[in-house]
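**Student:** Could you have a look at this structure, given as structure tokens, before my questions?
Every number here is computed from the coordinates shown, using simple stated rules; none is lab data. This is a predicted model, so every value here is computed, not measured. Positions of Cβ are generated from backbone atoms using ideal geometry, with glycine treated the same way; all protein chains shown enter the neighbour counts.
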Amino acid sequence: MNAIEVADVHKIYRSKAGAEAHALNGVSFKVPEGMIYGLLGPNGAGKSTLVRILSTITSPTSGHATILGCDVVRQALAARGKMVVVLQHTASENLLTVRDNLMIYAYLHGVGPAAARKRASALIEEFELGALLRTTVQELSEGTKRRIQVAKIFMLDSPLIILDEATTGMDPLMKRRVLDRLRAEAKKGRTILLTTQVLSEAEELCDEIMILNKGRTMASGTLQDLRALSTRMFRVSLTFADGATDLPRRLEALQPTELHVNGRSAEMVFQGEEASLLGRLADISRDAPIAQFEVRGPTLEEIFLSLMEKSR
Amino acid sequence: MNAIAAVFYRDYRQRITNAAFLLWDLMIPLAYLLLFGLGFDRLLGGAIAVEGQQVGYTAFLLAGILAMVTFSVALNTSWSFFMDKDSGIFYELLTFPITRQQLLIGKIVFNVLVAVLGSALAIAVAVFAIGIEIRWELLPLTVLIIALTTGGWFFLFAIAGIRMTRMDSFNTLTSAAYILLMFLSTMFYPLDGLPSWFQTAAMFNPMTWQVDLLRFGLLGTGTPSMLIAEAIAFAVFSAVCLAFAVRALNRVA
């Protein structure tokens, strides 16, 4: 069974003045159970609207979506019972202590006090919250509030985790720990849907990615699928054995879309056929021998920027 | 844990963080009873007629004081939507496996206890300090009326608390509602002798229905047919407000 199925979902927001904003325009995708699926897109792409529809906060204007077979509109309560959600903005019980935040979150998801206490003890250690247990959340930094918000989802074993830019504001060490934990949860069979603007995070974590822009799907698939879409873009790293005086000029003549020369090293991005470039690099290497040579496919960031550029 | 019990526990934990606010909910009706009630009792200098019965003004006012307790507690509970919005937890709550009805009902349950406690204090002061005689055999009915009507008022204010984004606008609206509902009812005075338009407006005011029911529970005043009609009217009012509050939660985004 698919953990998430979204079919031709549209969402139109209407202002009081009657103006319409098409936040989602016929989005469709499926996420099999146990997959980590990333939603990427610039601000206003429709990612958070999609998260709000899947988490039953709002309904689609048309189309339908299901969570593990439960329709998010007609079976909203059952759908909510199968997921935990971290929304884009920090959400915490500011007047309550860190301990209360964890416990009440579990209670509100139907967990009993004994089970909640047991689960909280493990998380307090993992997320380094021991010293803060009796502190009210309003006294904590935004980063720590975010840490508590993310820690809360591990109080439960819901089969689906939805994260809307969940690692925003976290320090790098904690972010690493959360990403590792998410990977471990996916291995156990939990499905994870995440939206992020940190492309390296999606590249590292996601099995499949969908790129949204202006409420429409720009591209979707594995990283390899997306690389294939990105019009034969590739990155070349070179290190020359000896410095050549006119190296930048000669490399510029290859017409890369990007060129960075640093001493004997150069980093270039090309669009086109690799084979024709190799011949021209061989010509350069006769005068300035190449010590190291590496060709890589585009990073997710390059794919993303290329697709955004095309959509303008 | 049961969904309503979990929301109840959450509200309890939040409200006990502000003891002064909680105390205010409990004490303000006593201040009204002791200052306003006794002052007017002396000013009016004797009993007033209610449905053929002669009662002192403080005794007459007691039902209004209890209505005021329920109204204030319900209003203060609905402010919590703004706190939830400020902390960002409001939208997260909507993703939890609880129905919108359970969320609203759970939110009011702890505050019903506050309203019952505040009312018990007011009744105790009225009976033991001021000497008002109440119908003890009807006390369970009075408690039931207090509990159910606190819910009704909360569902009304929840509609505004959920839909409105500015707390100052919410305060303006609820202050206006507070004045209109209280003074255009039988809370402070009997309707006899007032202009007919006033009497008609008061008859359609849920505050009148609530005060009349509470006055029956405390003093045994009122006619059965009218009281039954008012009880049904308040139940319908509460159910409609709950339905609109649920609708507001469903359309929040």
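**Student:** With θ taken as phi - 60° and the coefficients 6.51, -1.76 and 1.60, list the Karplus ³J(HN,Hα) couplings across the stretch A:11-22 in order, rounded to whole Hz; mark glycine and proline as x.
**Tutor:** Coupling constants for the stretch A:11-22: 9, 10, 9, 10, 7, 4, 7, x, 5, 10, 10, 8 Hz.
**Student:** Under a crude label model (7 Å from the Cα following the beta-carbon direction), how far is B:L23 from A:V73 in nanometres?
**Tutor:** Distance between the two pseudo-spin positions: 5.2 nm.
**Student:** Need one number: nm distance between label points at B:W136 and B:D168, each 7 Å from Cα along Cα→Cβ, rounded to one decimal.
**Tutor:** In this crude label model, B:W136 to B:D168 measures out at 5.3 nm.
**Student:** Which whole-Hz ³J(HN,Hα) couplings does the stretch B:189-198 yield from phi under the Karplus relation 6.51 cos²θ - 1.76 cosθ + 1.60, θ = phi - 60°, glycine and proline marked x?
**Tutor:** Listing the rounded values in order: 8, x, 7, 4, x, 7, x, 4, 4, 5 Hz.
**Student:** Follow-up. Please compute the net charge surrounding A:D207, taking Lys and Arg as +1 and Asp and Glu as -1 over other residues with Cβ under 14 Å from its Cβ. Let's see the in-between values first.
**Tutor:** Values: positive: A:K30, A:R183, A:K187, A:R190; negative: A:E33, A:E185, A:E201, A:E203, A:E204, A:E208, A:D225.
Taking every other residue near A:D207 into account, the sum is -3.
**Student:** Same structure, new question: Between A:E252 and A:D157, how high is the FRET efficiency from 1/(1 + (r/R0)^6) when r is the Cβ-Cβ distance and R₀ = 60 Å? Nearest 0.05. If you can, show how the numbers build up before the last one.
**Tutor:** Details: r = 56 Å, r/R0 = 0.94.
For R0 = 60 Å, the calculated efficiency reads 0.60.
**Student:** Pull up the DSSP beta bridges for the stretch A:160-312 and report the antiparallel fraction as a percent, rounded to 5.
**Tutor:** Working: 23 of 28 bridges.
So the antiparallel bridges amount to about 80 percent of the total.
**Student:** Taking only Cα atoms, what is the 0 to 90° angle, nearest 10, from helix B:167-183's long axis to the longest principal axis of chain B?
**Tutor:** 20 degrees
**Student:** Indicate, rounded to the nearest 5 percent, the antiparallel portion of the DSSP beta bridges found entirely in the protein assembly as shown.
**Tutor:** Details: 45 of 63 bridges.
The antiparallel proportion sits near 70 percent.
**Student:** If the label point is 7 Å along Cα→Cβ of A:E142, which residues in the stretch A:76-106 have backbone nitrogen under 17 Å from it?
**Tutor:** Taking a point 7 Å out along Cα→Cβ of A:E142, the residues of the stretch A:76-106 whose backbone N falls under 17 Å are A:87-94.
**Student:** I would also like to ask the following. Residues with beta-carbon under 9 Å from that of A:L194, excluding A:L194: net charge, scoring Lys, Arg +1 and Asp, Glu -1?
**Tutor:** Cβ neighbours under 9 Å give a net charge of -3.
**Student:** Restricting to chain A, what percent of DSSP beta bridges are antiparallel, rounded to 5?
**Tutor:** Working: 41 of 59 bridges.
Roughly 70 percent of the beta bridges in chain A run antiparallel, per DSSP.
**Student:** Which whole-number percentage describes the relative contact order of chain B, with Cα contacts under 8 Å and a sequence gap of 6 or more? Walk me through the numbers before you get to the answer.
**Tutor:** Numbers: 300 pairs, mean separation 66.6, N = 253.
Here the relative contact order equals 26 percent.
**Student:** With n ≥ 4 as the cut-off for DSSP H runs, can you work out [θ] at 222 nm for chain B, using -39500 (n - 2.57) per run divided by the number of residues, rounded to the nearest 500? Kindly include the intermediate steps, with their values, before the conclusion.
**Tutor:** Numbers: 11 runs with 185 residues, N = 253.
Helices in chain B give a 222 nm mean residue ellipticity of -24500 deg cm²/dmol.
**Student:** What is the sum of charges, Lys and Arg at +1 and Asp and Glu at -1, for the other residues whose Cβ falls under 11 Å from the Cβ of A:D100?
**Tutor:** On the way: positive: A:R99, A:R134, B:R10, B:R13; negative: A:E93.
Its environment carries a net charge of +3.
**Student:** Moving on. Using the Karplus curve 6.51 cos²θ - 1.76 cosθ + 1.60 with θ = phi - 60°, what ³J(HN,Hα) values do you get for each residue of the stretch A:188-198, in whole Hz, with x for Gly and Pro?
**Tutor:** 6, x, 7, 9, 10, 10, 10, 10, 7, 10, 8
**Student:** How many angstrom lie between the Cα centre of the stretch A:125-204 and the Cα centre of the stretch A:1-28?
**Tutor:** Comparing the Cα centres of the stretch A:125-204 and the stretch A:1-28, I get a distance of 27 Å.
**Student:** Using a Cα distance threshold of under 29 Å, what count of lysine pairs results for the stretch A:153-312 when pairs must be 8 or more residues apart or interchain? Mind dumping the intermediate values first?
**Tutor:** Details: A:K175/A:K187; A:K175/A:K188; A:K175/A:K214; A:K214/A:K310.
For the stretch A:153-312, qualifying lysine pairs total 4.
**Student:** Explain nothing, just the number: relative contact order of the stretch A:178-282, from Cα pairs under 8 Å at least 6 residues apart, as a whole percent.
**Tutor:** Working: 95 pairs, mean separation 19.3, N = 105.
It rounds to 18 percent for the stretch A:178-282.
**Student:** To the nearest 20 Debye, how big is the dipole of the protein assembly as shown about its Cα centre, given +1 on the beta carbon of each Lys and Arg and -1 on that of each Asp and Glu?
**Tutor:** Numbers: 52 positive and 50 negative charges, 88 e Å.
In debye, rounded to 20, the protein assembly as shown gives about 420.
**Student:** Also: What whole number of Å gives the distance from the Cα centroid of the stretch B:232-248 to the Cα centroid of the stretch B:26-59?
**Tutor:** First find each Cα centre; the distance between them is then 32 Å.
**Student:** Total Lys pairs in the stretch A:1-92 closer than 21 Å by alpha-carbon, pairs eight or more apart in sequence or interchain only? It would help to have the intermediate numbers written out before the result.
**Tutor:** Numbers: A:K11/A:K30; A:K11/A:K47; A:K30/A:K47; A:K30/A:K82; A:K47/A:K82.
So the count of such lysine pairs works out to 5.
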